[in-house]
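What follows is a single structure, written as structure tokens, with notes after it.
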Amino acid sequence: MKTLMLLFVALGFCVSASVSAGQSTIRMVNGMWYQEGAFVSQIWYSIEGVLTTTTPDVIDDELDLRGGFVIPPLVEGHNHNLQNPWLANNFAPNYERAGILYGLMLCGSHHNAAETRTILDQTSLDIQLAGACISSSDGHPLRMALQSFADEGVTAADIHDRDYIVIDSIADIDEKWPLINASSSEFIKIILVHSDREERRGNPSFHGINGLQAELVQPLTAELQRRGLRVVAHVESNADFTTAVNAGVDIIAHLPGYRWERGYDPEGYRLSDAIIEQAAAQGTAVITTVSVSEMVYPDNPEQLAQVQALQINNLSRLHAAGVAIIPGTDRFDVNVVHELKYLQNFGIFTPEQLLDSAVKIGPQRLFTDRKIGEFKEGYESNFVVLQENPLQNIAHLESVALVVKHGEVVFKAHQK
């Protein structure tokens with residue numbers, strides 16, 4: 001990023017001179033830094049964008065954090081609002097202002113993934129872009145796409161292998177590899193929707209909202225991983241979750257049961273203890289997206305309460321088994337702090353566990369080769385300064401005063 005003049009008024013955060021991003025040595029004082037579940041008064045230095053507590057010989061600038069609560073940047077574990085060029089241009093500033101610098105976008109298209117990355121590279125965000133999404137020819141998101149472009153006369157043929165990649169057979173896996181590879185992504189998303197219910201196939205009521213055939217999930221996952229990709233599975237039910245975990249996927253994109261299919265037994269969304277234990281043993285992570293339910297049932301509090309009771313049951317057992325939980329919203333109207341507040345109301349997680357899921361577990365799962373998510377020697381100098389303590393109330397994550405990436409201030413809230 002370009003040189004930034006960091007000269008703030010007396011009531012703001014003060015840096016004394018012009019700083020070239022990642023090149024200067026900055027002393028950061030009067031901060032309460034998040035360490036192992038508590039906030040601790042520490043002095044840190046940022047040298048060429050890397051953290052150290054060792055006092056350097058030369059200090060170029062000093063950043064007074066004014067008693068703020070310092071946390072690593074947040075993660076958005078599941079969204080779509082940065083996955084094409086238009087969205088990236090319009091939504092990226094919202095992420096920066098909220099201190100959400102890491103994210104996973106879960107159904108981009110290979111035909112514009114490169115352009116999207118170019119736009120995101122001009123921001124302070126680190127986004128894993130699943131530039132390819134795999135489903136069946138009659139699967140989600142076909143119906144959504146057809147409805148979105150209904151006025152343009154778009155057909156399924158226009159959407160297949162462009163907006164998402166169609167795999168209906170084992171032979172398709174090799175045949176479609178050039179399309180999958182074209183996105184140059186580390187992550188890829190596969191879609192399962194009640195994959196055990198074959199009666200949905202050929203039924204017009206479910207056309208465009210199905211997913212992969214269950215028997216394709218394991219060989220497809222194995223081949224994608226053999227080629228170096230990490231597989232994220234969209235699931236709806238316990239059967240989908242079980243199929244995905246048995247196939248060895250890396251991440252589950254939804255906690256099952258955020259929406260109950262009309263006429264289906266609610267018990268079909270309850271995870272079995274056995275598959276939870278298997279997910280924990282394999283290291284499979286689960287992205288929450290539980291707050292989607294309040295959008296599905298905005299005028300039906302009784303139904304929402306039943307859904308939430310099942311969500312609490314599933315999440316409690318996943319958490320007790322040690323399954324890694326990553327917060328994500330799958331929503332355009334709120335950010336991940338809303339999801340964390342929703343989870344806080346469930347009473348499953350301590351404040352430290354909620355915070356760790358958003359600033360440590362999620363970022364480190366998405367970027368396994370990076371030193372992020374903690375304040376340690378040699379870790380990246382990325383942090384968010386809050387005016388209020390999030391361990392007292394997770395909603396205090398909204399009190400963002402300052403956002404720093406590689407030692408450079410990328411956002412500063414207006415202070416009176």
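Please treat every number below as a calculation from the coordinates, not as lab data. Note that the coordinates shown come from a computational prediction; the quantities given were computed from them, not determined experimentally. Using ideal geometry, Cβ is built from the backbone for each residue, glycine included, and neighbour counts are taken over all protein chains shown.
What the table shows:
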quantity	calculated
Taking the chain and dividing mean pair separation by its residue count, relative contact order in percent (alpha carbons under 8 Å, at least six apart)	18 percent
Counted charge near HIS160, where neighbours are those whose Cβ lies closer than 15 Å (Asp, Glu -1; Lys, Arg +1)	-4
Value at 222 nm in deg cm²/dmol, rounded to 500, when DSSP H runs of n ≥ 4 in the chain each add -39,500 (n - 2.57)	-8500 deg cm²/dmol
The chain: most fluctuating residue of ALA233, ALA150, ALA214 per GNM, C-alpha cutoff 10 Å	ALA150
Between helix 336-346 and the chain: long-axis angle, C-alpha atoms, 0 to 90°, nearest 10	70 degrees
Positive-end extreme of charge dipole, the chain - chosen from LEU354, VAL296, GLY211 (charges on Cβ)	LEU354
Cα lying deepest toward the dipole's positive end in the range 239-286, options LEU271, VAL245, PRO256, charges on Cβ	PRO256
The chain: angle of helix 238-247 to the longest principal axis, Cα-based, in degrees nearest 10	70 degrees
Residue among TYR379, THR368, VAL334 farthest towards the positive dipole end of the range 292-416, charges placed on Cβ	TYR379
Beta bridges by DSSP in the chain, antiparallel share as percent, to the nearest 5	45 percent
Charge dipole (debye, nearest 20) of the range 288-347; +1 at Cβ of Lys and Arg, -1 at Cβ of Asp and Glu	260 debye
Size of electric dipole in the range 200-318: Cβ of Lys, Arg +1 and of Asp, Glu -1, about Cα centre, debye, nearest 20	360 debye
The range 159-312 - percent relative contact order, Cα under 8 Å, separation 6 or more	19 percent
Cut-off under 5 Å, modelled amide H: who pairs with ARG270 long-range	ASN238
Most mobile of GLY378, GLY202, GLY68 in a GNM of the chain (Cα contacts under 10 Å)	GLY202
The chain - charge dipole about Cα centre, Lys and Arg +1 at Cβ, Asp and Glu -1, debye rounded to 20	620 debye
Pairs beyond 32 Å (Cα-Cα), from LYS189/LYS341; LYS341/LYS371; LYS176/LYS376	LYS176/LYS376
Evaluated at q = 0.11 Å⁻¹: base-10 log I(q)/I(0), Debye formula over Cα of the chain	-0.83
Share of Cα-Cα pairs in the range 278-341 lying beyond 14 Å, as whole percent	61 percent
Most mobile of PHE332, PHE39, PHE383 in a GNM of the chain (Cα contacts under 10 Å)	PHE332
Summed side-chain charge close to SER169 - residues other than SER169 whose Cβ falls under 12 Å, Lys, Arg +1, Asp, Glu -1	-4
C-alpha center-to-center spacing [the range 226-280, the range 330-371] in angstrom	19 Å
Nearest-ten-degree value, helix 273-282 long axis tilted from longest Cα axis of the chain	50 degrees
